[in-house]
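Enquirer: Below is one structure. I have some questions about it.
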Amino acid sequence: MSEIITDVYENGVLRPLSSLPLQEHQTVRLQVLNSEPSTDVQQVIQSLIEAGVVTPPPHRNDIEPVSEEARWELAQKLGQCPGKPLSEIIIEDRGPY
């Protein structure tokens, strides 16, 4: 059995937050991973970027949010398209309950 569980460390003892399918006195092997993100991860990502293996995502700070007026105009244009609304198509596609 291999399972990832979450524990809390209290008074020198690891306490699982959920029940485990283990027998009393059964020996198990544990790998302890810190739940906070590690700076090691950032270093690995930076190394991969520098090596050209991965590309960082583009910065989205330069994109202007869509105005209410522009959204309304787009909704009106989409509402004029022929055919059924997408919601009806999805409901039909799901079939009977």
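Values in this text are rule-based calculations from the coordinates and carry no lab data. It should be emphasised that the depicted structure is a prediction, and the values quoted were computed from it without experimental measurement. So basically every Cβ, Gly included, is an ideal-geometry build from the backbone, and we count neighbours across all protein chains shown.
Enquirer: Once Rh for segment 7-50 is found with the Kirkwood sum over Cα pairs, what is the Stokes-Einstein diffusion coefficient at 4 °C and 1.567 mPa s, in µm²/s?
Expert: Roughly 94 µm²/s, to the nearest whole number.
Enquirer: On to the next question. What percentages make up the Cα-Cα pair-distance distribution of segment 15-97 when the bins are 10 Å wide from 0?
Expert: Going from the shortest bin to the longest, the percentages are 11, 16, 14, 18, 28, 11, 3.
Enquirer: What residue among Ile5, Ala51, His25 has its Cα farthest toward the positive end of the dipole of the chain, where the charges are +1 on Lys, Arg and -1 on Asp, Glu, each on the Cβ?
Expert: Farthest towards the positive end: His25.
Enquirer: Here is a further query. Exposed loop sites here are trypsin sites (Lys or Arg not before Pro) in DSSP loop states with at most 12 other C-beta atoms within 10 Å. What is the longest stretch of the chain lacking them?
Expert: That would be 61-97.
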